[in-house]
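Chemist: Have a look at this one before I ask anything.
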Amino acid sequence: MSKKILITGASGLVGAHLTEMLLQKGYPVVHVGRTNRAGKIPAFVWNVEKGEFDAEALQGVGTIINLAGAGIADKRWTPSRRRELVESRTKSVALLYDTLSKHKHEVTTVVSASAIGYYGVGANDEIFTEQDKPGTDFLATLTQQWEAEADKIQSLNIRVVKLRLGIVLSDKGGALPEMAKPVRWFVGSPLGKGTQYLSWIHIDDLCAMFIKAVEDERLRGAYNAVSGHWVTNAEMTRAIGKMLHRPIWLPPVPGFVLKLLLGEMANLVLLGSKVSADKIKQTGFVFTYSGLKQALDSVKL
Ligand SMILES: NC(=O)c1ccc[n+]([C@@H]2O[C@H](COP(=O)([O-])OP(=O)(O)OC[C@H]3O[C@@H](n4cnc5c(N)ncnc54)[C@H](OP(=O)(O)O)[C@@H]3O)[C@@H](O)[C@H]2O)c1
C-alpha cells in the first residue's frame, strides 16, 4: 500500500481538488490545517504562529504537499497584511522543517507550492525559465523567502520540489470566477493596458503536476507550473466574454483607478509575465489543456 500523503492548507482551491485526484489514484491522504474540519479525510491541526504541529499526523506519511498561505488577493496589502502573507508561508514551511528534524518519520519527499511571482515582471518579450534570477518587488521577495525555507528541508535528506504556480483556472475559485463576474453583468473590460500577460494553468493539469512531483523521483528543485500558453489580459477578457456570450464593449479600466482602489495590490492584475513550461515538459509531463479555449470550455462559470 502507498504511504500516506499529508497536505497542508488542503481546504483551499488547489488542496480540495488535489485531494480528490489523489484519492481517485488510491493514495491515502491526511490533512493538516488551522482548524479541525471533521470529514472523510483524517485531519490534524497545526498552529503556525505558535509553532505547534501534532506529530501524530506524520504516522505512515511518505510525502508532504505544502499549500498553506494567507490569500494573496483577499485583502489590501497593509504593512500588517504583508507580514501575514509572508509569515503564513515562511513560518509554515519552517514548522515543517522543525517537526521533521525533531520527530521520527518516514517522509522522503516534500512538494511545496511557490508562485511565478518569483520572477517579478519582465520586459514584454521576455520569457521566464527556472534559470532566471528572482525579481525585486514584494511578491518576488515573498516567494524567494518561501522557497528558501523549503530548500532548508533538503538538508534533512528529503527530496524537495517547488512548483511555481501560475494563475490557476478553476470554476471553484481563484482568479477566473472573479474575472467572469463583471463580464457576466455586461461590464467586463480589460484592465490597465490589457497587454499584460497571464501565464495560466488548468487546475487538473496543476494537480497532475503535483502528483508527478510526488511519483517521479527525478524531479528536484523548481518547476514552473504553467501551461506555457500565455495570453494577454485583453485576450483573456474577450475569451471569457465569448464563453459567457457577453460583448466586451467598455474601454479598459485605467491602471491608475485600480491603483487608487487597491494600492500596490493592483499590480496583481496590471502586471504580468510570460513563463515557460519547457522544463516540466522535458520530464515527460503531458498537459491535458494546452489552449485557453479548451481550458475554458471545461469549466462551468
Ligand atoms: N490559486 C492560484 O492561482 C495560485 C497562484 C500562485 C500561487 N498559489 C499558491 O498556491 C497555494 C495554494 O493555492 P490555493 O489557491 O489553494 O490557495 P487558497 O485557496 O488560498 O488556500 C490556501 C490554504 O492555506 C491555509 N491558510 C490560509 N491562511 C493561512 C495562514 N495565515 N496560515 C497558515 N495557513 C493558512 C488555508 O487552509 P486551512 O484553513 O485548512 O489551514 C487555505 O485554505 C497558496 O499558497 C497560493 O498562494 C496559488
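Chemist: Taking 20 Å as the cut-off for C-alpha to C-alpha distance, list the pairs among Lys212/Lys279; Lys193/Lys279; Lys3/Lys212 that go past it.
Modeler: Lys193/Lys279
Chemist: At a Förster radius of 41 Å, what calculated FRET efficiency corresponds to the Cβ-Cβ distance of Leu260 and Gln59, to the nearest 0.05?
Modeler: With a Förster radius of 41 Å, E is 0.20.
Chemist: Sticking with the crude label model, points 7 Å out along Cα→Cβ, report the distance from Thr195 to Arg218 in nm, one decimal please.
Modeler: Label-label distance for Thr195 and Arg218, simple model: 4.0 nm.
Chemist: Within the chain, what whole-number % of the accessible surface is contributed by carbon and sulfur, with the 1.4 Å probe and all protein chains included in the calculation?
Modeler: 54
Chemist: Determine the percent antiparallel among the DSSP beta bridges restricted to the chain, to the nearest 5.
Modeler: Of the beta bridges lying entirely in the chain, close to 10 percent run antiparallel.
Chemist: Follow-up. Around Gly71, under 11 Å between beta carbons, what's the net of Lys plus Arg minus Asp minus Glu among the other residues?
Modeler: Within the 11 Å Cβ shell, the charges total 0.
Chemist: Among rounded, prolate and oblate, which fits the chain when a ≥ b ≥ c are the square roots of the eigenvalues of its C-alpha gyration tensor, a/c under 1.5 means rounded, and a/b larger than b/c means prolate?
Modeler: prolate
Chemist: Please work out the average accessible area per residue across the range 160-233, using the 1.4 Å probe convention, and give it in Å².
Modeler: Result: 36 Å² of accessible area for each residue.
Chemist: What is the count of Lys pairs in the range 35-167 whose alpha carbons sit under 30 Å apart, if the two are 8 or more places apart or on different chains?
Modeler: Going through the range 35-167 pair by pair, I get 27.
Chemist: Compute, for the range 183-241, the length of the dipole vector about the Cα centre, with Cβ point charges of +1 (Lys, Arg) and -1 (Asp, Glu) only. Units Debye, rounded to 20.
Modeler: In debye, rounded to 20, the range 183-241 gives about 300.
Chemist: What list of ³J(HN,Hα) couplings, whole Hz, do you get for the range 72-80 from phi and the Karplus terms 6.51, -1.76, 1.60, once you set θ to phi - 60° and write x for glycine and proline?
Modeler: My calculation for the range 72-80 gives 4, 9, 6, 9, 4, 7, 6, x, 6 Hz in order.
Chemist: Would you kindly derive the ³J(HN,Hα) couplings of the range 145-158 from the backbone phi angles with the Karplus curve 6.51 cos²θ - 1.76 cosθ + 1.60 (θ = phi - 60°), listing them in order in whole Hz, with x for Gly and Pro?
Modeler: Going residue by residue, I get 5, 4, 5, 4, 5, 5, 4, 4, 5, 4, 5, 8, 6, 10 Hz, with x marking Gly and Pro.
Chemist: Quick one: 3J(HN,Hα) in Hz for the range 103-109, Karplus 6.51/-1.76/1.60 with θ = phi - 60°, rounded, Gly and Pro as x.
Modeler: Once rounded to whole Hz, the list reads 10, 5, 7, 10, 6, 10, 9.
Chemist: If you keep only loop residues by DSSP, which GluC sites (Glu not before Pro) in the range 43-75 have at most 14 other Cβ atoms within 10 Å of their Cβ?
Modeler: Glu49
The values are calculated or read from the model by the stated rules, or taken from the named source; none is laboratory data. In this text the structure is predicted, and so the values were computed from the model without any measurement. Here the Cβ is made from the backbone with ideal geometry for all residues, glycine too, and neighbour counts use every protein chain on show. Each accessible area value is taken on the protein alone, full model and side chains, heavy atoms only, with ligands, DNA and RNA left out. Shrake-Rupley method; radii C 1.70, N 1.55, O 1.52, S 1.80 Å.
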